[in-house]
Amino acid sequence: MFRTFFRPGWIVLGLIVVAFAALCFSILAPWQLGKNSSTEKRNDLIRAAVDTAVVPVDDVAAPGAAFDPDTEWREVSIVGRYLPDQQVIVRLRSAQERPATEILTPFMSTDGRVFLVDRGYVRPDQGRAVGEVPAAPTDDTTIHARIRKSEGTSPGRGAHIADGAKAVYTIDPVVVGTQVGHHFDDFYLQLSANQPGSLGEITLPQLDSGPYLSYGLQWLAFGIMAPLGAIYFIYTEVKHRRALRNSTSAPAAASVTVAADGAGASAATGNDIGASAATGNSTGASAATGISARASNQMRDAGFVAAPASQRHQIGSGPDASDATDDVKTKLAKRYGG
């Protein structure tokens, strides 16, 4: 029976189930659970940053120091001026579930350190990559902004020119710095609301975990259910085959029983026939004996057979042979003399 499960179809099904379960446990579930963990960490950083006072940027990110992920979302202050002639647009963004174009403008601090500042967004005009962009102030000013980590750049989506303006698809300080000829730190600054040069405000993310935890648990459940479903399917298949085998063997057993009963009945019938034959033989013998007796009596009555001694001189008994001879002699003597 179990040889059935070594057929190609069952083997392929087993491989698919194993591969799917491995995919759920090793890739899909960790992917969603990892996103949930990163979202939770982001929310914790935002809560901490909101409760922390604004400090000078050098206190959080010293010049030349590597970017510390734990400093993301911290609000810092910078004194300096914008460099509007080196402005770059970020295409294909969205804000409040509507298309938007973000504006990146370098900002030079009083000590000569240059930061990449995201001033906010504008709505694109119909048929154009970017709409009208208000110019940034050129005078020295103080701005407040939040530290953000680099978004990186996907292959084939680097710096380019769109509608005569320098453009990128993601905010990567290295790529933008190469395009405008400046060296930026490994992070950029997202301008806070109501600051000099600010545009459409990019609000803080919602502080919820999202659906990632439930998605991860669902993938774990799928990884468990797939083998269990395969086991149940195999169980029902075995049960069905056993029932089919039992239903097939039952008529055969019944046929054997009927045949045995028939043979026994035939044997009994044969015995009855034999007994009847024996009875018939006995009857025939009795009949033959009766016939022989009658024939003997008839012959005796006719004088061909002498009656037994016990029956002589009885009514109905034939004459004795010796008596018959004496009578004949007497009659002959009387007739002829002598």
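The values are calculated or read from the model by the stated rules, or taken from the named source; none is laboratory data. Every value quoted in this text rests on a predicted model; they were computed, and no experiment measured them. Using ideal geometry, Cβ is built from the backbone for each residue, glycine included, and neighbour counts are taken over all protein chains shown.
Observations
- Meets criteria (in contact with a Leu (Cβ under 9 Å, 6 or more places away or on another chain), at pLDDT below 90 and more than 30 Å from G156 (Cβ to Cβ)) for F233: yes
- Only listed residue being on the phi > 0 side of the Ramachandran plot and among the acidic types (D, E), chosen from E75, E97: E97
- Scope the range 30-80; condition of a type in the set (S, T, Y) and touching a Pro at 6+ places or on another chain (Cβ under 8 Å); matching residues: S77
- Helices (runs of 4 or more DSSP H) lying entirely in the range 1-108 (those with 1 or more residues that are within 22 Å of Y121 (Cα to Cα)): 29-50
- With respect to the conditions (1) modelled with pLDDT under 95; (2) within 26 Å of T141 (Cα to Cα); (3) not small (G, A, S), E40 lacks only one, and its number is (2).
- Close Cβ contacts (under 7 Å, 6 or more residues apart or on different chains) running from residues in the range 35-50 that are without any contact (Cβ under 8 Å) to a residue 60 or more places away in the chain to residues that are surrounded by 13 or more Cβ atoms within 10 Å (Cβ to Cβ) comprise L45/E72; L45/W73.
- When we screen P155, P137 for residues that are surrounded by fewer than 16 Cβ atoms within 10 Å (Cβ to Cβ) and modelled with pLDDT under 90, the only hit is P155.
- Boolean, E201 is surrounded by 13 or more Cβ atoms within 10 Å (Cβ to Cβ), modelled with pLDDT under 85 and either on the phi < 0 side of the Ramachandran plot or more than 47 Å from the chain's Cα centre (by Cα) (or both): no
- Annotation: of all residues in the range 59-68 being in contact (Cβ under 8 Å) with a residue 40 or more places away in the chain and within 15 Å of F184 (Cα to Cα), the one that is farthest from the chain's Cα centre (by Cα) is P63.
- Scanning the range 94-107 for residues being touching a strand residue (DSSP E or B) at 6+ places or on another chain (Cβ under 8 Å) and surrounded by fewer than 17 Cβ atoms within 10 Å (Cβ to Cβ) gives a total of 2.
- Residue within the range 71-85 that is crowded, with 21+ Cβ neighbours inside 10 Å, closer than 15 Å to D185 by Cα and not aliphatic (A, V, I, L, M) present: no
- Residues of the range 160-189 that are surrounded by fewer than 18 Cβ atoms within 10 Å (Cβ to Cβ) and without any contact (Cβ under 8 Å) to a residue 24 or more places away in the chain: H160, I161, G164, T178.
- Scanning the range 61-70 for residues that are closer than 21 Å to T142 by Cβ and either surrounded by fewer than 18 Cβ atoms within 10 Å (Cβ to Cβ) or out of contact with any strand residue (DSSP E or B) (no Cβ under 7 Å at 6 or more places or on another chain) (or both) turns up A62, P63.
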